[in-house]
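Right, one structure below, let's go through it.
The values are calculated or read from the model by the stated rules, or taken from the named source; none is laboratory data. What you are looking at is a predicted structure, and each value in this text was computed from that prediction instead of being measured. Here the Cβ is made from the backbone with ideal geometry for all residues, glycine too, and neighbour counts use every protein chain on show. We work out accessible area using only protein heavy atoms, side chains counted, and drop any ligands, DNA or RNA first. Shrake-Rupley method; radii C 1.70, N 1.55, O 1.52, S 1.80 Å.
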Amino acid sequence: DLPLSHWSSALTIKQGFAAGHIPLWNDHYGGGRPLAGDPLAALWYPPTQMLRLLSVKSYFLVTIVGHLVLAGLGMLRLARVAFRLPRLPALYAAVAWMATPRLVAHLGAGHVTIVQTAAWLPWVALTAWLTIGRPGRWAPAFAASLAMLVLAGHPQIAYYGLLMLAGACAWLVVGRWREAGREAALRSVAGLAAGGLLATLLAAA
């Protein structure tokens, strides 16, 4: 997919930026297709703005390596903070997530946006967990992570991530109710809802 789809989209975006406008149409793929409405182009994903500064080749190198590192750091923090694992097991979890055979296989097939989107899954899980504990403080971070998951360019992974999030949050809110009572659980739900609403607005493009 990298040479067939992602490269032509990135080239069109870079050429549009160089011409001083937002590119809305991709002339390099088939007979042409809308670029702004193509989730795989990830036009509205903030890291895509690196195309303003980098060559297409360098952009893909930086974004792939950067998202693998982002995935590992997210899993490391999730393991340390939410699961309270010691450093070595947490590091093992991070490396295992970065080197998951299915993820590496998708990378080998050139599925760049799968790697981008999957990198945000541990961050979404972590910020949701933190939001349930302290809604007022962590709801904005939860919203930002959730928006990045949606904008990263792969709707299927985002969909499965949202399913994972719904199940995990339901489980954690029930646990919050048992530990801290009904009012604390309702505050957690309000924080998650506020974060979800803000994420929807951020990812509205």
Among the residues that make up the range 62-79, is at least one of them in a loop (DSSP other than H, G, I, E, B) and open to solvent by 50 Å² or more (accessible area, probe 1.4 Å)? no
Give the residue that is farthest from Lys57 (Cα to Cα), with candidates limited to residues of the range 10-32 that are in contact with a Ser or Thr (Cβ under 9 Å, 6 or more places away or on another chain) and not in a loop (DSSP other than H, G, I, E, B). Trp25
Any idea how many residues of the range 19-39 are within 21 Å of the chain's Cα centre (by Cα), open to solvent by less than 60 Å² (accessible area, probe 1.4 Å) and of a type outside the set (D, E, K, R)? 2
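Only one residue in Arg102, Arg33, Arg80 is over 30 Å from Thr12 (Cβ atoms) and of a type in the set (Lys, Arg). Which one? Let's see the steps before the verdict.
Details: Arg102 fails: over 30 Å from Thr12 (Cβ atoms); Arg33 fails: over 30 Å from Thr12 (Cβ atoms).
When all the criteria are applied, what remains is Arg80.
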Might you check whether a residue that is out of contact with any Phe, Trp or Tyr (no Cβ under 9 Å at 6 or more places or on another chain), more than 26 Å from Asp38 (Cβ to Cβ) and either part of a loop (DSSP other than H, G, I, E, B) or among the β-branched types (Val, Ile, Thr) (or both) occurs anywhere in the range 183-198? yes
State which residue pairs qualify: first residue open to solvent by 60 Å² or more (accessible area, probe 1.4 Å) and inside the range 183-205, second residue β-branched (Val, Ile, Thr) in any location, beta carbons under 7 Å apart, and separation of 6 or more residues or different chains. Val189/Val173
